[in-house]
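The values are calculated or read from the model by the stated rules, or taken from the named source; none is laboratory data. Because the structure is a prediction, the values reported are computed rather than measured. Cβ placement follows ideal geometry from the backbone for every residue including glycine, while neighbour counts extend to all protein chains displayed. Areas reflect the complete protein model, heavy atoms only, side chains present, ligands, DNA and RNA absent. Shrake-Rupley method; radii C 1.70, N 1.55, O 1.52, S 1.80 Å.
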Amino acid sequence: MTAPLTGLGWTSSNVPVAGWIPITTTVEGAPANFGKGFAQKYGYYLCFTASLNTLNPAGDILYDVVILSEKSPLPSGYMYAKEFLDLKTSVSKKKRLCVKLIPMGVAETAVYDITLSSKSKVIPNYIRIGEISSFALWCKKKHISKPKPLPKPRSLSLEMNQLSLERTNVDSLSIGSKRQTTIKKNESIYDTSNACGISAIDGVPFTLHPKFENNVTCGNTLFSIFKNFHIKSLADIEKEVSNFLQQSQMRCFLTNIYSCIIAELQLLLVLNMEILLFL
């Protein structure tokens with residue numbers, strides 16, 4: 001099989017199931033009929049499918065197959081093989097065939113083939129699942145080859161195309177080249193004759209905001225904004241420092257006098273206390 005299996009089940013020999021392939025013979029060529037001869041007229045066969053149908057709408061694939069004894073509990077995530085049998089046929093419960101289906105997107109490996117043989121047969125490149133009835137059950141697992149996702153083509157809207165920088169770069173280069181051809185050999189790209197006409201960047205003139213034009217003008221009144229500033233001379237600074245030092249010396253002198261008066265008062269208070277105690 002070139003595709004992973006999507007189901008495993010039992011079918012009666014006289015009940016064909018669309019999309020399901022019965023295993024009618026073993027690898028040695030012997031009939032692979034289960035149950036015939038034990039009060040059953042037709043028996044039943046193991047069958048598998050690799051197609052998607054109403055029984056498997058989600059597209060789950062066959063991940064694992066196990067054979068359990070009658071008293072063994074069903075493992076988590078497993079289910080019993082499906083049964084497509086007539087009313088007079090029943091599957092033996094001594095050994096139960098269980099399968100595990102998982103979504104294709106999360107599977108790394110899957111079962112690609114199921115076959116039967118005699119118990120003494122060895123099949124290369126197949127995994128022996130176990131024995132059921134008089135047969136040995138084998139499966140072949142492979143890694144699932146998933147196609148690499150292709151990047152989706154970008155669909156740019158008209159607004160995005162207008163924001164593209166490619167055409168803008170071409171236009172700016174063409175404009176720049178035309179501008180350079182118009183400049184003379186000895187001509188400066190900056191106009192230094194007027195302070196307000198100096199360009200900060202080529203092609204971008206430097207000008208003041210209109211609200212400042214009434215207060216600040218060019219030429220001789222360029223620095224008129226500083227006309228109210230008073231710049232002190234060295235003599236003014238020395239005079240202020242001298243006044244400050246004199247005031248500091250006066251404060252120190254008054255502080256010393258105040259300390260002396262406090263000390264004298266304290267001394268007089270002590271003497272008065274001693275005189276009172278003596279009397």
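Total residues in region 73-99 satisfying the condition of being under 22 Å from Ala136 (Cβ atoms), among the charged types (D, E, K, R) and free of Cβ contacts under 8 Å to residues at least 60 places away in the same chain: the figure is 4. Would you confirm whether or not region 142-156 contains a residue that is part of a strand (DSSP E or B) and either surrounded by fewer than 10 Cβ atoms within 10 Å (Cβ to Cβ) or modelled with pLDDT of 55 or more (or both)? Within region 142-156 (the criterion being part of a strand (DSSP E or B) and either surrounded by fewer than 10 Cβ atoms within 10 Å (Cβ to Cβ) or modelled with pLDDT of 55 or more (or both)), the answer is yes, since at least one residue qualifies. Screening region 108-135 for residues that are in contact (Cβ under 8 Å) with a residue 60 or more places away in the chain and part of a loop (DSSP other than H, G, I, E, B) and picking the one that is nearest to Lys93 (Cα to Cα) gives Ser133. For beta carbons closer than 8 Å, sequence separation of 6+ or different chains, a first residue in region 261-279 that is open to solvent by less than 90 Å² (accessible area, probe 1.4 Å) and a second that is of a type in the set (Phe, Trp, Tyr) and outside any helix (DSSP H, G or I), there are no qualifying pairs.
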